[in-house]
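Data block below; observations after.
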Amino acid sequence: MQNITDERLLALLQSNPEDGMILLMDEYMGLIHNACSRYLDNPEDIRECVQETLVDFYVHLDRFNPEKGSLKSWLYLIAWRKSFRMA
């Protein structure tokens, strides 16, 4: 991990979405995968959950409020909820 700040990553997502998503995945893919694995066993289901988490995060980027928590916790919560619903 590069220890990028939430602010820097969010700014990059706004200015250059492709590079921002690549960096987001570099930083948080393991975390998202682990969250999706909490309730899902099938690798295909886990992969789908990870993909849906990333899409949902990006589509609803405006919902993230850094005053309420970190980007890490927000991503984990999205993935955890998606895996719970899929299970």
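The values are calculated or read from the model by the stated rules, or taken from the named source; none is laboratory data. Treat the numbers as computed from the prediction; the structure is a model and nothing was measured. Every residue, glycine among them, receives a Cβ derived from its backbone with ideal geometry; neighbour counts consider all protein chains shown. The accessibility values were calculated without ligands, DNA or RNA, using every heavy atom of the protein model including side chains. Shrake-Rupley method; radii C 1.70, N 1.55, O 1.52, S 1.80 Å.
Annotations
- Dipole moment magnitude, nearest 20 debye, the chain about Cα centre, only Lys, Arg, Asp, Glu C-beta charged: 340
- Screening the chain for whole DSSP H helices of 18 Å or more along their axis (Cα) with average Kyte-Doolittle hydropathy at least 0.0 returns 17-36, 71-86.
- One entry in [x] 15.1, 44; [y] 13.4, 39; [z] 12.5, 36 is Rg and Dmax of the Cα atoms in Å calculated from the shown coordinates; its label is [z].
- Added length on full extension, which subtracts the Cα-Cα distance from 0.36 nm per residue, Leu77 to Asn16: 19.5 nm
- Within the chain, the trypsin sites (Lys or Arg not before Pro) that combine a DSSP coil assignment with at most 11 other C-beta atoms in a 10 angstrom radius are Lys68.
- Cut-off 12 Å between beta-carbons: net charge of the residues surrounding Leu24, Lys and Arg +1, Asp and Glu -1: -3
- Whole-percent carbon and sulfur share, accessible surface of the chain, 1.4 Å: 50
- Based on Cα contacts under 8 Å between residues 6+ apart, the chain shows a relative contact order of 34 percent.
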